[in-house]
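Asks: Next up is a structure, given as structure tokens.
The values are calculated or read from the model by the stated rules, or taken from the named source; none is laboratory data. Because the structure is predicted, anything quoted here is derived from the model rather than measured. Every residue, glycine as well, gets a Cβ built from its backbone with ideal geometry; the counts of neighbours run over all protein chains shown.
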Amino acid sequence: VIPAELPVFSPANFCWQRGEGAWLYDQDGQAYLDFAAGIAVNGLGYNHPVAVNALLEAAHRPWHVSNLYACPERARLAQLLVEHSFADTVFFANSGSEAVECAIKMARKYGSATGRYRMITMEGGYHGRTMGALSASNRPLVKDGYAPLLDGFDCVSWEDAEAVAAVITPETVAILLEPIQGEGGMRVASATYLQRLRELADAHDLLLIYDEIQCGLGRSGALHAYLHSGIVPDVMTIAKSMGAGFPVSACLANKRAAATMHLGSHSSTFGGNPLAMAVAYAVLSEMSKPQLVAQVTRVGSYLMQALMQLATKFPQRIKEVRGCGLILGMVCEDRAQALVQACHRQRLLTSTAGAHVLRITPPLIIDESHVDDAIGRLHSALESL
Ligand SMILES: Cc1ncc(COP(=O)(O)O)c(C=O)c1O
């Protein structure tokens, strides 16, 4: 018998009743410290007054007007994103995959006049589950059984710019990567690698596309992850923390990348709806405050130090700690899921990224006291294994 819900997930048996800041409360009123944040979505934590008020205000105005009419909420969010990034223009969608789909289509359109359509992608990359986005991945679980996939993706090893150079052909149009891999295990691309990719893109007239859906919007300790290296993309996708839990995403592009997109080239019924736009505007206004990213940098390095100390204490369990800001990973000797479950017993929420990496992506609003508390719980969890 198939369950009423398509059985593609296996959720842990919690039923969250309430959330406040970095804390979630279950049906018995037990408090859990949340260092998963809905897989890097709840950047402002739970019940943040700025996000809640924006949603409540928008709820009394029309929720949906369609793209037939101007939407001031959409216009002002696009303006804010343009002011706070490299981009000249923005397309709004509802999920990360849809933002990636827009980026793929933009690259295809960019290359269409010259017969170029191939995109170079990275081993370990994850871009979502729509047919285009999953075709860009090299993960068997994501792709199995869905052939024929979208043609034209050439996957190469991570951090290997020469491998990228080697697969460029006259049909190549773009390079797509996460500047910090999320599902791939919190791997941070080096500035020299990104620099070389930018040079290759410029030399061959390719679009450099960053997928910042997981690592963007403050999580890395900068508003956008590309700001760390200063190596600027032509196209960038964002989602996850953009709506503090409200589904919304965007594909940002410079003039060159967007030049071939014109009236009717792309669309979305719900993309850019007033509710999502009002919430995302409030969230982005909060995230673009210098204090927030400064806090993420400070607390993130405090957390990183503490995790490294744990790693030296439990060398038989933890092989490496990596990441930056508040997108951190602990590479485990054994399967990371056992540690997630041990953390549950200590009322600490974490998640996995691949089989062996414990993913640590707390809300961005945490301070050092949350870190001390989480480290105590993680210590007990590691001892209990
Ligand atoms: C880097 C990256 N790109 C794309 C996606 C897909 O986003 P969504 O699940 O909202 O379609 C994700 C989701 O985890 C992601 O981490």
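Asks: Is segment 56-63 home to any residue that is of a type outside the set (Ser, Thr, Tyr), surrounded by fewer than 21 Cβ atoms within 10 Å (Cβ to Cβ) and within 20 Å of Thr361 (Cα to Cα)?
Replies: No - not one qualifying residue is present in segment 56-63.
Asks: Taking Cys343 as meeting all but one of (1) within 25 Å of Asn47 (Cα to Cα); (2) surrounded by fewer than 24 Cβ atoms within 10 Å (Cβ to Cβ), write down the number of the exception.
Replies: Looking at each condition in turn, Cys343 falls short on (2).
Asks: What are the residues in segment 1-18 that are closer than 19 Å to Ser351 by Cα and surrounded by 10 or more Cβ atoms within 10 Å (Cβ to Cβ), if any?
Replies: Passing the criteria: Phe14, Trp16.
Asks: Just to verify a result, which residue in segment 100-119, among those that are within 16 Å of the ligand (Cβ to nearest atom) and among the aliphatic types (A, V, I, L, M), is surrounded by the most Cβ atoms within 10 Å (Cβ to Cβ)?
Replies: Restricting attention to segment 100-119, the residues satisfying the condition of being within 16 Å of the ligand (Cβ to nearest atom) are 100-107, 119.
Pick out the ones that are also among the aliphatic types (A, V, I, L, M) and you get 100, 103-104, 106-107, 119.
Values: Val100: 29, Ala103: 31, Ile104: 27, Met106: 26, Ala107: 28, Met119: 26.
Here the residue is Ala103.
Results for (1) without any contact (Cβ under 8 Å) to a residue 40 or more places away in the chain; (2) in contact with a His (Cβ under 8 Å, 6 or more places away or on another chain); (3) farther than 26 Å from Ile231 by Cα, shown as yes or no for each residue.
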| residue | (1), (2), (3) |
| --- | --- |
| Gln27 | yes, no, yes |
| Val50 | no, no, yes |
| Ala58 | no, no, yes |
| Gly96 | no, yes, no |
| Lys109 | no, no, no |
| Arg118 | no, no, no |
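Asks: Consider segment 32-57. How many of its residues are assigned to a helix (DSSP H, G or I), within 16 Å of the ligand (Cβ to nearest atom) and of a type in the set (A, V, I, L, M)?
Replies: Residues meeting the conditions: 3.
Asks: Can you list residue pairs whose Cβ atoms sit under 9 Å apart, with the first residue in segment 335-356 being at positive phi and the second being among the aliphatic types (A, V, I, L, M)? Count only pairs 6 or more apart in sequence or on different chains.
Replies: Arg347/Ala31; Arg347/Leu33; Gly354/Ala336
Asks: Here is a further query. Can you pull out every residue in segment 63-99 that is more than 18 Å from the chain's Cα centre (by Cα), in a helix (DSSP H, G or I) and either among the hydrophobic types (A, V, I, L, M, F, W, C) or within 15 Å of the ligand (Cβ to nearest atom) (or both)?
Replies: Ala75, Leu77, Ala78, Leu80, Val82
Asks: Kindly check whether there is at least one residue in segment 127-137 that is more than 12 Å from the ligand (Cβ to nearest atom) and not in a loop (DSSP other than H, G, I, E, B). Talk me through it step by step, then tell me what you get.
Replies: Filtering segment 127-137 for residues more than 12 Å from the ligand (Cβ to nearest atom) gives 131, 135.
Narrowing further to those that are not in a loop (DSSP other than H, G, I, E, B): 131, 135.
Checked segment 127-137: at least one residue is more than 12 Å from the ligand (Cβ to nearest atom) and not in a loop (DSSP other than H, G, I, E, B).
Asks: Is it the case, given these coordinates, that Gln214 is part of a helix (DSSP H, G or I) and either at pLDDT 95 or above or within 13 Å of the ligand (Cβ to nearest atom) (or both)?
Replies: Judged against the criteria, Gln214 is not a match.
Asks: Give just the number: which of (1) surrounded by fewer than 20 Cβ atoms within 10 Å (Cβ to Cβ); (2) part of a loop (DSSP other than H, G, I, E, B) does Asp154 not satisfy?
Replies: For Asp154, the failing item is (2).
Asks: From the residues in segment 174-193 that are away from the ligand (no atom under 16 Å from the Cβ) and not polar (S, T, N, Q), which one is surrounded by the most Cβ atoms within 10 Å (Cβ to Cβ)?
Replies: Ranking the qualifying residues of segment 174-193, first place goes to Tyr193.
Asks: Of everything in segment 158-173 that's part of a loop (DSSP other than H, G, I, E, B) and free of Cβ contacts under 8 Å to residues at least 40 places away in the same chain, which residue is nearest to the ligand (Cβ to nearest atom)? Break it down into steps so the answer makes sense when it comes.
Replies: At the first step, the residues of segment 158-173 found to be part of a loop (DSSP other than H, G, I, E, B) are 158-160, 168-171.
If we keep only those that are free of Cβ contacts under 8 Å to residues at least 40 places away in the same chain too, we end up with 158-160.
Values: Trp158: 14, Glu159: 17, Asp160: 19 Å.
The selected residue is Trp158.
Asks: Restricting attention to segment 230-252, and to residues there that are part of a loop (DSSP other than H, G, I, E, B) and among the hydrophobic types (A, V, I, L, M, F, W, C), which single residue is nearest to the ligand (Cβ to nearest atom)?
Replies: Top of the filtered list is Ala239.
Asks: While we're here: Looking at segment 238-279, which of the residues that are under 15 Å from the mean Cα position of the chain (by Cα) and over 24 Å from Leu207 (Cβ atoms) is surrounded by the fewest Cβ atoms within 10 Å (Cβ to Cβ)?
Replies: Pro247
Asks: Kindly provide the set of residues from segment 1-31 that are closer than 17 Å to Asn47 by Cβ, assigned to a loop (DSSP other than H, G, I, E, B) and aliphatic (A, V, I, L, M), ordered by number.
Replies: Ala22
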